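The values are calculated or read from the model by the stated rules, or taken from the named source; none is laboratory data. Values in this document were obtained by computation on a predicted structure and should not be read as measured data. Cβ: placed from backbone, ideal geometry, glycine included. Neighbour counts: every protein chain shown. Protein only, heavy atoms only, side chains kept; ligands, DNA and RNA dropped before computing areas. Shrake-Rupley method; radii C 1.70, N 1.55, O 1.52, S 1.80 Å.
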Amino acid sequence: MGKPKPAPLRERDITRQIAREYYKEFDQLIESDVIIVGAGPSGLICAHDLGRMGIKTLIVEQSLALGGGFWSGGYLMNKATICAPAHKILKEVGVPCKQIKECPGMYMVDPPHATGALIAAAYNAGAKIMNLTRVVDLILRREGVLEGVVVNSTTAEMAGHDIIHVDPIALESKIVVDATGHDAVVVNLLHKRGLYQQVPGNGAMWVSRSEEEVMDRTGEVSPNCFVIGLAVAAVFGTPRMGPAFGSMLLSGRYGAELIRDKLKNR
């Protein structure tokens with residue numbers, strides 16, 4: 001084969017083509033069937049499943065990196081636990097899962113591998129992603145019916161309005177999913193507008209109860225607003241789960257099924 005020779009790209013062409021491709025795609029992101037706020041494991045698998053169903057899905061993530069807290073296990077140890085049957089979801093996207101024989105129902109994964117695979121799976125299913133984008137408000141019509149989100153550049157928001165004031169923009173959708181974990185951003189914004197009760201936040205750790213309650217309470221909490229993953233625990237004040245990610249994946253998948261049914265019945 002010999003030594004590869006890179007194509008001689010011109011600087012102006014790089015800038016021009018990046019801008020052209022970005023804004024061409026951005027025009028298609030202004031309206032979606034579903035907007036998922038948060039690109040952690042629950043948001044990524046929900047987007048993957050919705051995309052495979054042919055549902056136009058956009059993930060909005062405030063950070064530069066996708067994956068939420070799934071890049072590492074507890075206490076910076078680079079392993080994470082997955083409860084059965086959530087390991088089957090990871091195996092679907094090509095992630096090895098090691099069964100822990102002395103702990104029935106427990107599997108161990110490498111978080112960076114799992115997170116990378118979930119990101120790739122979401123993209124491969126047709127989901128689109130806007131990172132470095134923060135949800136700052138909601139689109140509310142017809143007496144408080146949620147019909148999209150208001151977003152701004154995360155960097156502009158971090159600078160603060162006293163330093164730089166940049167007006168946000170709106171993205172419309174039929175469904176908005178809160179997959180923002182502990183922060184429960186979307187539901188907290190509903191509370192701010194007087195459309196939902198105070199969000200209590202997570203309770204103390206109790207892993208098995210937490211994972212069970214996340215599954216029991218995944219669903220629609222306000223018209224067109226669904227909660228999945230750890231955001232469920234924050235919204236309902238149920239226990240936190242720590243470095244156990246099984247119910248986040250299961251909740252994301254179950255949430256996608258509920259959303260599909262809601263859209264079919266519209």
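As an exercise, take the mean of 1/r over every pair of distinct alpha carbons in segment 130-256, invert it, and state the Kirkwood radius in angstroms.
Values: mean 1/r = 0.0656 Å⁻¹.
15.2 Å is the Kirkwood radius here.
Enumerate the whole-percent occupancy of each 10 Å bin, from 0 to the last occupied one, for all C-alpha pair distances of segment 1-129.
The percentages, shortest bin first, are 12, 32, 27, 20, 8, 1.
Past 22 Å, Cα to Cα, is the threshold; run Lys24/Lys128; Lys56/Lys262; Lys128/Lys174; Lys91/Lys262; Lys88/Lys128; Lys91/Lys174 against it and keep the listed order.
Numbers: Lys24/Lys128 13 Å; Lys56/Lys262 14 Å; Lys128/Lys174 16 Å; Lys91/Lys262 28 Å; Lys88/Lys128 24 Å; Lys91/Lys174 31 Å.
Listed pairs above 22 Å: Lys91/Lys262; Lys88/Lys128; Lys91/Lys174.
Show that you can apply the helix-only estimate: for the chain, add -39,500 (n - 2.57) for every DSSP H stretch of four or more residues, divide by all residues, and state [θ] at 222 nm to the nearest 500.
The per-residue figure over the chain is -12000 deg cm²/dmol.
Using each residue's phi in segment 136-146, evaluate 6.51 cos²θ - 1.76 cosθ + 1.60 at θ = phi - 60° and report the 3J(HN,Hα) Karplus result to the nearest Hz, with x for Gly and Pro.
Karplus values, whole Hz, x for Gly and Pro: 10, 6, 10, 8, 10, 10, 6, 6, x, 7, 6.
For all pairs of alpha-carbon atoms in the chain, what percent lies in each bin of width 10 Å, listed from the first bin to the last filled one?
The percentages, shortest bin first, are 7, 29, 34, 20, 8, 2, 0.
Quick one: which residues, 5+ away or cross-chain, put their amide H under 5 Å from the amide H of Gly73? H built at 1.01 Å from N.
Answer set, sorted by chain and number: Asn78, Lys79.
Hey, got a sec? Which GluC sites (Glu not before Pro) in segment 92-182 land in a DSSP loop and have at most 11 other Cβ atoms within 10 Å?
Glu102, Glu143
Are there trypsin sites (Lys or Arg not before Pro) in segment 16-105 that DSSP marks as loop and that have at most 15 other Cβ atoms within 10 Å, and which are they?
Passing both the DSSP loop test and the Cβ count: Lys79, Lys101.
Mind putting a number on the dipole of segment 1-76 about its Cα centre? Charges go on the C-beta only, +1 for Lys and Arg and -1 for Asp and Glu, and I need it in Debye to the nearest 20.
Using only the charged Cβ atoms, the result is roughly 520 debye.
Can you give the accessible area per residue of segment 19-68, in Å², using a 1.4 Å probe?
44 Å²
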